[in-house]
Structure formats: structure tokens, C-alpha cells
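Everything on this sheet refers to the single structure shown next.
The values are calculated or read from the model by the stated rules, or taken from the named source; none is laboratory data. As the structure is a computational prediction, the values presented were derived from the model and not from experiment. FYI the Cβ positions are ideal-geometry reconstructions off the backbone, even for glycines, and counts take in every protein chain you see.
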Amino acid sequence: MGRPPSNGGPAFRFTANEVAEMEAILQEHHNGMPSKEMLTSLAEKFSESADRKGKIVVQFKQIWNWFQNRRYAIRAKLSKVPGKLNVSSIPRDESVPVRNVPQPVAASIPAHMTAPMATSVPPALVATAGRASSETSFMEFEAKSARDGAWYDVATFLAHRYLDTGDPEVQVRFAGFGPEEDEWVNVQKHIRPRSLPCEASECVAVLPGDLILCFQEGKDQALYFDAHVLDAQRRRHDVRGCRCRFLVRYDHDQSEEIVPLRKVCRRPETDYRLQQLHAANDLTATDQQKTIADPSTAPRTFSSSVEAMQ
């Protein structure tokens, strides 16, 4: 890897006092999202502080992102998702924004909207939606905003329509935003099942060439953008969790950056890799038990988790 970050400038950071104030507000709201008015007020207050006045203007989206990611981190810490690979019991580092595992408050496309769009929705979306409906009672989606090119969680699908070209569009309300931020979004290009945050043990499922959703921290904003993995540097995990690093190239500006796993959200299509790894681990455990009984029957084992998936 060895290439330095090139995201256009130093990463934006909240001060310790700002974080403490936001933590207190989050506790007062019982881990709920504060109102837009309160978030706007915080942005104005922080921008007028002695450390920032005349230098850096704190934006509403930066405040919103902090609350959204912090809420997700708390939820992920308090709840464990069944079926996840448990290679390591090392706790994940919550010091930077991460996305949560799916919560049962997802937006679903109403039946009267899915029927006329059935022939136009991308096959991958239909297949994933079908799998989700058979496994759970809900499914979460994310949408790409035309305003900044970033991806946001969808809270509600409000309406649908067809363009003159025949392309279907849906009107979405982004999670944490009000009606004034509603957008019409192309179903085929900019609506998809929600990307999945990576637990420390899931780094093996992120491979070079993968499309991922990556948290890019710039000078003036910190948002989730599409990126492709160029290289992966595997490192031994320690008490801090996963220490692997990934060289990624963002699709929207072609900039490259080395990022830790906690900034990476993988696509649901990569679930099969973890399933393969589960199967390989189960097979290895069974073979080891047989070997104890009869050492002469010892089979070849995978030398690495990545090899098991290839």
C-alpha cells in the first residue's frame, strides 16, 4: 500500500468540549435524534466559539452525522446480531463514526409502489429484497443524494413516478432530515439495500476490487461515498480490534486514501463470503475432532481466512 491519504485536506474534528456537549444532549434524548432546530443551533454555537470563529464554519450535516453515527455505535455495542462470524471477541473501536447494524425501524417500499416498478428495479435489488422478506419482516435501503453525491439511509418512501424515458423514481425522506430535504431519486441507479458496517472479525470479507461505502472525512464535510478497494493490508488483531488497512479510491472524486475497517461498509452481496468462512471453520473444527481420534486422517486445512473464500 504505502500511499498517503489524499482527501483534499485535514480531517474535520469536533473538540472535546463539543463532543461532551453532544454526548449530554444524546443522553437527554435517550439516544434519540434531536430536532433539526437543535442541531442547527449547535452548528451555529460551535461556529461562534473562540476556537472556530472566523476560521471554520461547522455545518448542520457534520452535527447530524455525529449524532447519527454515535447513536448507531451505541446500538451496535448494546446488541449483538445473531449469525455473525465470531472469530474474535475483541471489542470494536468506537472512537470514530461507524454505521449500525440494521435496526427494526427500516423503510419499506409500499406494495402499491413496488408493483408498478417490479419490471424496472435492478435484479440485484429484487433478489436481495426477496431474500430479506423471507428472512425478516423488514428491509433497509439507502439512497444517493443528488445534492452532494453521498449516500443516506432512507426513512420513508413517499411517492413514485415515471419519467418520460420510462425510468422509475421514488420520493424519499432521508433518516434524520425533514420534508425540506426530500428528493426524487432514480430507482435503478440510486436506490439499493443498505450497506453493512463491518465488525472487527469481518475484515476478511473485504477484498481488492470490491465496491464499498466509505466514510470520507474532508475539511468541510464528512459523508459516506462509494469507493473501490484497491489493496488490503492484513494485520494481526490486538486489543484495539481490527488493525487491517485498506487503500480505497472514491468514485466521486477519484481521490485515494488508506482507511481502517471502521470506516468501511461492505455491500450485502458479500455475505456469501462469511457464509463460506463459517462453513470452512465448521469443517475444520469437525476434522480436528476426527484427527484427535485418528491422527492419520488429518486433512489439509486453509492457511488463511482469505484463502477459504477464494
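If I filter region 216-229 for residues that are more than 29 Å from GLU37 (Cβ to Cβ), in contact with a Cys (Cβ under 8 Å, 6 or more places away or on another chain) and not polar (S, T, N, Q), do I get at least one hit?
The first filter runs over region 216-229 and keeps only residues more than 29 Å from GLU37 (Cβ to Cβ), leaving 226-229.
Okay, now just the ones that are also in contact with a Cys (Cβ under 8 Å, 6 or more places away or on another chain), so 226-227.
Still in the list and also not polar (S, T, N, Q): 226-227.
Checking region 216-229: at least one residue is more than 29 Å from GLU37 (Cβ to Cβ), in contact with a Cys (Cβ under 8 Å, 6 or more places away or on another chain) and not polar (S, T, N, Q).
Scan ALA205, ALA200, ALA222 and give me the residue that is touching a strand residue (DSSP E or B) at 6+ places or on another chain (Cβ under 8 Å), surrounded by 16 or more Cβ atoms within 10 Å (Cβ to Cβ) and more than 20 Å from HIS237 (Cβ to Cβ). Explain how you work it out, then say what you get.
Numbers: ALA205 fails: more than 20 Å from HIS237 (Cβ to Cβ); ALA200 fails: more than 20 Å from HIS237 (Cβ to Cβ).
After ruling out the rest, the residue left standing is ALA222.
Take region 25-37 and flag every residue that is under 25 Å from the mean Cα position of the chain (by Cα) and modelled with pLDDT of 90 or more. Give the derivation first.
Residues of region 25-37 that are under 25 Å from the mean Cα position of the chain (by Cα), as a first pass: 25-27, 29-36.
Residues satisfying the conditions are ILE25, LEU26, GLN27.
Residue by residue, here is whether (1) touching a Gly at 6+ places or on another chain (Cβ under 6 Å); (2) modelled with pLDDT under 90; (3) among the hydroxyl-bearing types (Ser, Thr, Tyr); (4) in the same structural domain as ARG52 (by TED's automatic domain parsing) holds:
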position: ARG131; (1), (2), (3), (4): no, yes, no, no
position: ALA150; (1), (2), (3), (4): no, no, no, no
position: ARG161; (1), (2), (3), (4): no, no, no, no
position: VAL185; (1), (2), (3), (4): no, no, no, no
position: HIS237; (1), (2), (3), (4): no, no, no, yes
position: CYS242; (1), (2), (3), (4): no, no, no, yes
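Has region 264-283 got any residue that is modelled with pLDDT of 80 or more, in contact with a Cys (Cβ under 8 Å, 6 or more places away or on another chain) and among the hydrophobic types (A, V, I, L, M, F, W, C)?
Step one: list which residues in region 264-283 are modelled with pLDDT of 80 or more, which gives 264-277, 279.
Subset that is in contact with a Cys (Cβ under 8 Å, 6 or more places away or on another chain): 264-266.
Next, only the ones that are among the hydrophobic types (A, V, I, L, M, F, W, C) stay: 264-265.
The answer is yes, given that some residue of region 264-283 is modelled with pLDDT of 80 or more, in contact with a Cys (Cβ under 8 Å, 6 or more places away or on another chain) and among the hydrophobic types (A, V, I, L, M, F, W, C).
Please work out if HIS228 is within 25 Å of TRP66 (Cα to Cα) and in contact (Cβ under 8 Å) with a residue 12 or more places away in the chain.
Details: within 25 Å of TRP66 (Cα to Cα): yes; in contact (Cβ under 8 Å) with a residue 12 or more places away in the chain: yes.
Answer is yes for this residue.
Can you tell me which condition ASP287 does not meet? The list is (1) charged (D, E, K, R); (2) in a helix (DSSP H, G or I); (3) at pLDDT 90 or above, and all the others hold.
(3)
State all residues of region 248-278 that are out of contact with any strand residue (DSSP E or B) (no Cβ under 7 Å at 6 or more places or on another chain) and closer than 21 Å to PHE141 by Cβ; if no residue qualifies, say none.
Matches in region 248-278: GLU269, THR270, ASP271, TYR272.
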